[in-house]
Amino acid sequence: MPRTGHLRRVEHRPPIALRIVEDDPLIREVLSAVFIATEGIRLIGVHGSAEEILAVPQGQDAPDVVLLDINLPGVSGIECIATLRDRWPDAQFLMYTVNDTDELVFEALRSGANGYLLKHASPDQIAEAVIDIHGGGAPMSMTVARRVVRHFRPSPVIGLQADAGLNDREMAVLELLAGGSLYKEIADHFGVSEGTVKQSIHRIYKKMHVANRTEAVNRYFGR
């Protein structure tokens, strides 16, 4: 009698319901094209201002994720979030903006933003950020994440560079490591391959007399 394989249950999840709030018509068009072409995301609304999305009736098509700019005409994106959070408490809010000043980043996060993406992000990064934030993540552009980490972390040990014999490039790599950057993100930052980054990090570990990332970061922070 032939063996029969086990049937695998396939989980069908509903697509992520997304609304966009962006005042620039060209950017709205580009974003719409990105999400229409992205499997697993359903674009349910595109709005040119905060006032437009605030006019949507509470019971109509609640979004899972709202992607919105900060510098909107009239009511700002940051002001808009406060009202939308009360209306759609289960929604996640992803800021999409050219502004990455400390003041705006932290004001947006305090207002309830769950992620912060800069407008130079690629279409793939934008789509991945929406999927990530819906899954419980907090996607941020690398420069924004570094600002947040720098705000909360203690100052690095004075004299570490000279003490460990690290050059300026190696210190820059170490700073990115301490900020939580992945090898690929570091490689993209410097415009080199991941293999080059791994070789550089290996030299850093050797100079610092540490065995791994955790030990290197701990020493960076003087722990």
Those helices (runs of 4 or more DSSP H) completely within the stretch 110-223 that have 1 or more residues that are modelled with pLDDT under 85 are 142-152, 160-164, 168-178, 213-220
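Please indicate, with yes or no, whether at least one residue in the stretch 31-42 is outside the structural domain of residue 117 (by TED's automatic domain parsing), of a type in the set (A, V, I, L, M, F, W, C) and out of contact with any strand residue (DSSP E or B) (no Cβ under 6 Å at 6 or more places or on another chain).
no
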Look at residue 91 and say whether it is farther than 20 Å from residue 37 by Cα, surrounded by 15 or more Cβ atoms within 10 Å (Cβ to Cβ) and either basic (Lys, Arg) or at pLDDT 90 or above (or both). yes
Residues of the stretch 179-223 being more than 15 Å from residue 165 (Cβ to Cβ), in contact (Cβ under 8 Å) with a residue 60 or more places away in the chain and among the aromatic types (Phe, Trp, Tyr), in sequence order, are 221
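Output the residue which, of all residues in the stretch 14-23 that are more than 19 Å from the chain's Cα centre (by Cα) and surrounded by 13 or more Cβ atoms within 10 Å (Cβ to Cβ), is farthest from residue 62 (Cα to Cα).
Step by step, filter the stretch 14-23, then rank; the result is 23.
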Condition check: in contact with a strand residue (DSSP E or B) (Cβ under 8 Å, 6 or more places away or on another chain) and within 21 Å of residue 176 (Cβ to Cβ). Does residue 63 satisfy that? no
Any residue at all in the stretch 79-92 that's touching a Ser or Thr at 6+ places or on another chain (Cβ under 8 Å) and in contact (Cβ under 8 Å) with a residue 40 or more places away in the chain? no
With the requirement that a residue be under 13 Å from residue 49 (Cβ atoms) and surrounded by fewer than 23 Cβ atoms within 10 Å (Cβ to Cβ), what does the stretch 71-82 give you? 71, 73, 74, 75, 76, 79
First in the stretch 24-52 and on the phi < 0 side of the Ramachandran plot, second anywhere and part of a helix (DSSP H, G or I) and basic (Lys, Arg), Cβ under 6 Å, 6 or more apart: 46/28
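The values are calculated or read from the model by the stated rules, or taken from the named source; none is laboratory data. Computed from a predicted structure; not experimentally measured. Every residue, glycine as well, gets a Cβ built from its backbone with ideal geometry; the counts of neighbours run over all protein chains shown.
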